[in-house]
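Written out below as structure tokens is the structure these notes cover.
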Amino acid sequence: MNEILNYDRRRFLGAAAISIASAQLGFVGTVKAQANGLNPTPSTPIKIQSNSTIGLLKQINAGVLSIGYAETGPANGPVVMLLHGWPYDIHSFADVAPLLATAGYRVIMPHLRGHGTTHFLSTSTFRNGQQSVIALDIIALLDALKIQKAIVAGFDWGARTANIIAALWPERCKAMVSVSGYLIGSQQANKAPLPPKAEFSWWYQFYFATERGRMGYEANRRDFARLIWQLASPQWHFTEAVFEQSAATFDNPDHVAIVIHNYRWRLGVAEGETQYDDFEKRLATAPIITVPTVTLEGDANGAPHPDPSVYASKFKGRYVHHTITGGIGHNLPQEAPKAFADAIVEADSYVN
């Protein structure tokens, strides 16, 4: 169990696109896979270098936030909540969303706290980045939108958030797609030292633990994000225009505070808020996930990530894993949008 929890540290670190998907992005339904086992993806994904845009954003008050989000697809369709990571934003789903909308899904893409147009309703609210709080933001968003249950799918911070929702609020989670599998962690597990090579991969986490690191990130948000993109997805040759679409969302005034607190909290050098202690205690037990799940991994993920066999036992509902081939890195939805969309339809097909 400690090995699974410690992978939380090893991961590298995070009106919509309305137009109908073009012919080369045509949706292909459910991929065939072996349930409750590990299975390679049956097709090579199409690599996208488009400048697809998300379009106009909506705002809604949810919990302590006003959440900025994009939405596309039929209003009465089954809901898919797409959750981005760091240092990324909702543009990671710009080519996923039209595929799902064409397939009849209502697709919602929220900016996580500290990103884009999402902002705090009160200047006095603590800028908290601990894992349970980000999941609670999404539960509050579901409540605000009067959505009882959704398919949750994400990568990086978004995958961890999806894991937490599926584990703590399975009644709100119809099915799940998670890049890099099971990412729930705890401060206690993160106290254990790792081998030097693994610690080296977390250079930025230790950098962020210092005041120099906070100041450096504040001054160099774009250069920092570009470096992470290059290291985490070494075969993804994104354009400057694609990068700038996402980088602009890091200008959020709370962005640095949220990111720094997230990583300091993981190391145990920053405290969380006591009202969330019970959630963190439950998460520290590495709870089993029972909702239907598809996990994904890119074959060229430059971020440290566990072998799928390590976390397979954490999923007790219908479950399958796909490794996406073709030089796909950490930002899997943006690098392989069709494979990500197919996984969502597949997970939905597993629901009883």
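The numbers here are math on the coordinates, done by the rules we state, and not lab data. Everything numeric here is computed off the predicted structure, so don't read it as measured data. Ideal geometry is used to build each Cβ from the backbone, glycine not excepted, and the neighbour counts take in all protein chains shown.
D by Stokes-Einstein for the stretch 143-240, Kirkwood Rh over Cα pairs, 4 °C, 1.567 mPa s: 79 µm²/s. Which of 124, 231, 312 sits closest to the plus end of the dipole of the chain, meaning its Cα is farthest towards the positive end, when Lys and Arg get +1 and Asp and Glu get -1 on the C-beta? Of the candidates, 312 comes out farthest on the positive side.
Of all beta bridges that DSSP places with both ends in the stretch 2-349, some 30 percent have antiparallel geometry. Taken as Cα centroids, the stretch 181-201 and the stretch 105-136 sit 25 Å apart, rounded to the nearest whole angstrom. About its Cα centre, the dipole of the chain is roughly 400 debye, where the only charges are +1 on Lys and Arg Cβ and -1 on Asp and Glu Cβ. Loop-located trypsin sites (Lys or Arg not before Pro) across the stretch 247-347 with a Cβ neighbour count of 12 or fewer within 10 Å are 316, with loop assigned by DSSP.
From least to most packed, judged by other beta carbons within 10 angstrom and beginning with the fewest, 313, 201 follow the order 313, 201. If R0 equals 30 Å, the separation of the Cβ atoms of residue 203 and residue 126 corresponds to a calculated FRET efficiency of about 0.65. Checked against a 19 Å cut-off, the cross-linked pairs 146/281; 58/146; 281/316; 197/281 give Cα-Cα distances beyond that limit for 146/281; 281/316; 197/281. Counting beta carbons within 10 Å around each of 176, 215 and listing the fewest first gives the order 215, 176. Taking other Cβ atoms within 10 Å as a rough exposure proxy, 79, 351, 294 sort from fewest to most as 351, 79, 294. Note on the stretch 2-349: the alpha carbon radius of gyration divided by the globular reference 2.2 N^0.38 Å gives 0.89.
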